[in-house]
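Comments concern the structure below.
The values are calculated or read from the model by the stated rules, or taken from the named source; none is laboratory data. Note that the structure is predicted; figures quoted are calculated from it, not measured. Counting neighbours? That spans all protein chains shown, and the Cβs are built from the backbone with ideal geometry, glycine included.
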Amino acid sequence: MMRRRWLGIVLLWVAAVIVASITATSAAAAGPVVQYIVHPGDTLYRIALNHHVTVSQLAAANGIRNVNRIYVGQVLRIPTATPAIILEQPTTGARVTSPVTVRGRANVFEGQVNIRVLDSRFRKVGEGFGMAAMGEYAPFTAAVAYRVSADQWGYIDAFWISPKDGAELDKVTVKVYLRRGGVAPTPTPTPAPGPGASIRYHVHPGDTLTQIARGHRVTVSSIVRENRLPNPNLIYVGQALTISSERPNIIMETPRDGATVGNPATVSGYSDTFEANVVVEVLDGGFRRLARTTTQGGTEGEYAPFSASIPYTVRAAQWGYIEAYWPSPRDGSKLNAVTARVRLTPARTAAAATTEMETATTAEAAATETEAPPTEAAAATAATASPPVGIATTTASATTAPAAPRIHRVRRGETLYGIARRYGVSVRDIAAANGIRNIHLIYVGQRLIIP
């Protein structure tokens, strides 16, 4: 009996050693531990999908019995042998100040690792990015500034953005203690007036919010949040979107939205793009290209000014767009496009407008002198030099500035036919003046030029 008992104990001990050895081997093969902390709105399915594992694998690795039940703040271990992002600093529970230094290794698309600092309620309080590599692991470092009103627990996310749909993939999270205060990182010096954090982009025909986000290397959710879009699947052609980023590749300073541009149009700004290339295009109101040119700005990592003078052809004054972007070396797609809605003018109209302005200024100065109380000598001189009444009347008529164009803002229930009838013009004239290709498609709030 005793012999059997001792034999059983020995067998149990041997089995325990074998199991421990297998577990250690598996852990070593699995590589570094990757953890993710559940955010508000997460599901186990979505977490598994964005980390390229199955729901069953994720549940098994974390001892989850009910895959439909997880809670915000829950720490999950991601079972992967080759994590895309390995976060080395800060470590869990570390006390950090702004700017917080984030270090690690990554192997992600285009090498860009996005960093986000969240407060105790998972609200974004800071963001930045670091550069690693694509195709092999490489180190990345980022100094990310944040702002909190009081010391509190918070989180640091590191992830990369899918070029397919803008999803945040392989996200790694670490819980840290955020301290209030600290010194924000000094921005990279740039030539005056320096880059801003936001650019303006107008929706083109065929655009989707996912494509726009991918082209500007931001997330769909950030565009939705910044522009207060009630439905991310409902955007319209010509809609102006504000897109913020840590370091926009192109900042267009002139022309501004609503400006009247001459012919040729002068475009200037600052850029930081691949091989310093900046493409500038003039588009009509229907986003058809009227002219295109290429100029040079700053190369990747350093801002430098760019400028271009681009002639274009339009038959009449109309609203259009000036666009600046840089072409992807991979597929030629537009990246970091910036647009300004402007008033385009024919070449002869631009010259005539300059002449009229100079003539009107001269006439105004002459009128001011005439209104001043003249001396006797001045009155005599004026009487001698005054032209005949008929000539004076003709000159005044010739220098009268043209009337400003009429603008109509589309209201709910209106049609282009009804608007044209109201102003006594044809539908075709309104469509031509505003670059409208489909006369049955106008939207509430759209500004129409009435010719």
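Summary of values
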| read-out | value |
| --- | --- |
| Arg105 assigned to a loop (DSSP other than H, G, I, E, B) and among the basic types (Lys, Arg) | no |
| Which numbered condition Val67 fails, given (1) of a type in the set (A, V, I, L, M); (2) in contact with a strand residue (DSSP E or B) (Cβ under 9 Å, 6 or more places away or on another chain); (3) surrounded by 13 or more Cβ atoms within 10 Å (Cβ to Cβ) | (2) |
| Test: Ile430 is part of a helix (DSSP H, G or I) and either hydrophobic (A, V, I, L, M, F, W, C) or surrounded by fewer than 14 Cβ atoms within 10 Å (Cβ to Cβ) (or both) | yes |
| Inter-residue pairs, beta-carbon under 6 Å, first without any contact (Cβ under 8 Å) to a residue 60 or more places away in the chain and in segment 409-435, second among the β-branched types (Val, Ile, Thr) and surrounded by 15 or more Cβ atoms within 10 Å (Cβ to Cβ), 6+ apart | Val410/Ile442; Leu416/Val427; Leu416/Ile442; Tyr417/Val427; Ala420/Val427; Ala420/Ile430; Tyr423/Ile450 |
| Some residue of segment 97-105 being touching a helix residue (DSSP H, G or I) at 6+ places or on another chain (Cβ under 7 Å) and surrounded by 18 or more Cβ atoms within 10 Å (Cβ to Cβ) | no |
| Qualifying residues in segment 260-271 (those that are under 14 Å from Glu323 (Cβ atoms) and either outside any strand (DSSP E or B) or touching a Gly at 6+ places or on another chain (Cβ under 7 Å) (or both)) - the one modelled with the lowest pLDDT | Ser271 |
| Extreme residue, farthest from Asp42 (Cα to Cα), among residues of segment 61-85 that are in a strand (DSSP E or B) and not basic (Lys, Arg) | Ile85 |
| One residue from Ile156, Ile212 being out of contact with any strand residue (DSSP E or B) (no Cβ under 6 Å at 6 or more places or on another chain), at pLDDT 90 or above and either in a helix (DSSP H, G or I) or assigned by TED's automatic domain parsing to the domain that holds His51 (or both) | Ile212 |
| Qualifying residue in segment 287-299 (condition: surrounded by fewer than 15 Cβ atoms within 10 Å (Cβ to Cβ), of a type in the set (Ser, Thr, Tyr), free of Cβ contacts under 8 Å to residues at least 40 places away in the same chain and not in a strand (DSSP E or B)) | no |
| Single residue of segment 82-96 satisfying the filter (of a type in the set (Gly, Ala, Ser) and more than 29 Å from the chain's Cα centre (by Cα)) that is surrounded by the most Cβ atoms within 10 Å (Cβ to Cβ) | Ala94 |
| Positions within segment 272-286 being among the charged types (D, E, K, R), within 19 Å of the chain's Cα centre (by Cα) and outside any loop (DSSP other than H, G, I, E, B), in sequence order | Glu281 |
| Filter result (touching a Ser or Thr at 6+ places or on another chain (Cβ under 6 Å) and either modelled with pLDDT under 80 or outside the structural domain of Ile86 (by TED's automatic domain parsing) (or both)) within segment 127-148 | none |
| Cβ-Cβ under 7 Å pairs, at least 6 apart or on other chains, segment 115-139 side under 18 Å from Pro248 (Cβ atoms), far side of a type in the set (Val, Ile, Thr) and modelled with pLDDT under 90 | Ile115/Val144; Gly126/Val144; Glu127/Val144; Gly128/Val144; Phe129/Val113; Gly130/Val113; Gly130/Thr141 |
| Out of Glu88, Glu110, sole residue that is in a helix (DSSP H, G or I) and either under 30 Å from Ala60 (Cβ atoms) or modelled with pLDDT under 90 (or both) | Glu110 |
| Boolean, Gly215 is within 30 Å of Ile430 (Cβ to Cβ) and crowded, with 17+ Cβ neighbours inside 10 Å | no |
| Total residues in segment 134-182, condition surrounded by fewer than 17 Cβ atoms within 10 Å (Cβ to Cβ) and in contact with a Pro (Cβ under 9 Å, 6 or more places away or on another chain) | 2 |
| Every residue from segment 318-345 that is assigned to a loop (DSSP other than H, G, I, E, B) and either of a type in the set (S, T, N, Q) or at pLDDT 90 or above (or both) | Ser328, Ser333, Thr345 |
| Residue among Thr260, Thr266, Thr242 that is hydroxyl-bearing (Ser, Thr, Tyr), loosely packed, with under 15 Cβ neighbours inside 10 Å, in contact (Cβ under 8 Å) with a residue 40 or more places away in the chain and under 19 Å from Tyr201 (Cβ atoms) | Thr242 |
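Matching residues to (1) in the same structural domain as Gln89 (by TED's automatic domain parsing); (2) modelled with pLDDT of 90 or more; (3) not in a strand (DSSP E or B):
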{"residue": "Lys164", "(1), (2), (3)": "yes, no, yes"}
{"residue": "Asp170", "(1), (2), (3)": "yes, yes, no"}
{"residue": "Val174", "(1), (2), (3)": "yes, yes, no"}
{"residue": "Tyr177", "(1), (2), (3)": "yes, yes, no"}
{"residue": "Pro193", "(1), (2), (3)": "no, no, yes"}
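Okay, residues lined up against (1) farther than 27 Å from Leu209 by Cα; (2) touching an Asp or Glu at 6+ places or on another chain (Cβ under 9 Å):
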residue	(1), (2)
Ser120	yes, no
Glu127	no, yes
Gly130	no, no
Glu136	yes, no
Tyr155	yes, yes
Val174	yes, yes
Tyr177	yes, yes
